[in-house]
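Colleague: Sharing a structure, written as structure tokens. Questions coming.
Nothing in this text is a laboratory measurement; each read-out follows from the coordinates by a stated rule. Not measured: the values here are computed from a predicted model. Note that each Cβ is placed from the backbone with ideal geometry, even for glycine, and that neighbours are counted across all protein chains shown.
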């Protein structure tokens with residue numbers, strides 16, 4: 001697959017705006033573990049090889065186990081490996097990434113509100129939206145794995 005345009009090169013201000021979102025999320029209360037689970041799961045759903053490669057490596061650097069990374073795509077069947085908070089974040093990631101199917105359900109939203117503060121829920125939603133934007137950029141431009 002041939003790489004297409006580099007948006008970072010032809011529209012650097014667009015990338016600067018995306019990096020601003022990343023900068024905000026880096027300062028949020030969300031743990032690195034939750035952020036990487038969001039990035040890995042959304043990237044799996046969106047078939048973004050570039051982002052799966054990047055974020056599984058980042059997760060390993062942050063101390064995540066191989067086993068949990070391998071199980072992210074089947075987390076519903078491997079619940080014992082993920083905390084209630086992680087399960088809720090993974091459910092949110094799937095429902096928001098697949099927004100046209102049903103969107104963020106009331107049940108999942110209520111679980112999130114019961115486990116996280118409103119600011120944390122907002123940051124989770126922003127983290128999911130951000131990785132989905134990155135996935136769409138990488139997939140549509142045929143971003144190559146390093």
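Colleague: Each label point is 7 Å from the Cα along the Cα-to-Cβ direction; what then is the distance between the points at residue 19 and residue 45, in nm?
Modeller: 2.8
Colleague: What residue among 93, 117, 33 shows peak mean-square fluctuation when the chain is described by a Gaussian network model with Cα springs under 10 Å?
Modeller: 117
Colleague: A further question follows. Starting with the fewest neighbours, write out 75, 134 ranked by other beta-carbon atoms found within 10 Å of each beta-carbon. Don't skip to the end; give the middle numbers.
Modeller: Numbers: 75 20, 134 23.
Ordered from fewest to most neighbouring Cβ atoms within 10 Å, 75, 134 come out as 75, 134.
Colleague: Quick one: Cα centre-to-centre distance for region 105-138 and region 1-69, in angstrom?
Modeller: 15
Colleague: While we're on this one: Viscosity 0.692 mPa s, temperature 37 °C: give me the Stokes-Einstein translational D for the chain in µm²/s, with Rh taken as the Kirkwood radius over C-alpha pairs.
Modeller: 208
Colleague: Would you calculate, for the chain, the mean residue ellipticity at 222 nm contributed by helices, counting each DSSP H stretch of 4 or more residues as -39,500 (n - 2.57) and dividing by all residues, to the nearest 500?
Modeller: Calculated from helices alone, the mean residue ellipticity at 222 nm is -21000 deg cm²/dmol.
Colleague: Taking 0.36 nm per residue of sequence separation and subtracting the Cα-Cα distance, how much length would be gained by fully extending the chain between residue 58 and residue 115, in nm to one decimal?
Modeller: The residue 58-residue 115 span can extend by a further 18.0 nm.
Colleague: Here's another thing I want to ask about it. Using a Gaussian network model of the chain whose springs link C-alpha atoms within less than 10 Å, name the residue from 34, 25, 60 with the highest mean-square fluctuation.
Modeller: Among 34, 25, 60, the largest GNM mean-square fluctuation belongs to 60.
Colleague: Given a 10 angstrom Cα cut-off, can you work out which residue in 107, 20, 129 is the most mobile in a GNM of the chain?
Modeller: Among 107, 20, 129, the largest mean-square fluctuation in the Gaussian network model of the chain belongs to 107.
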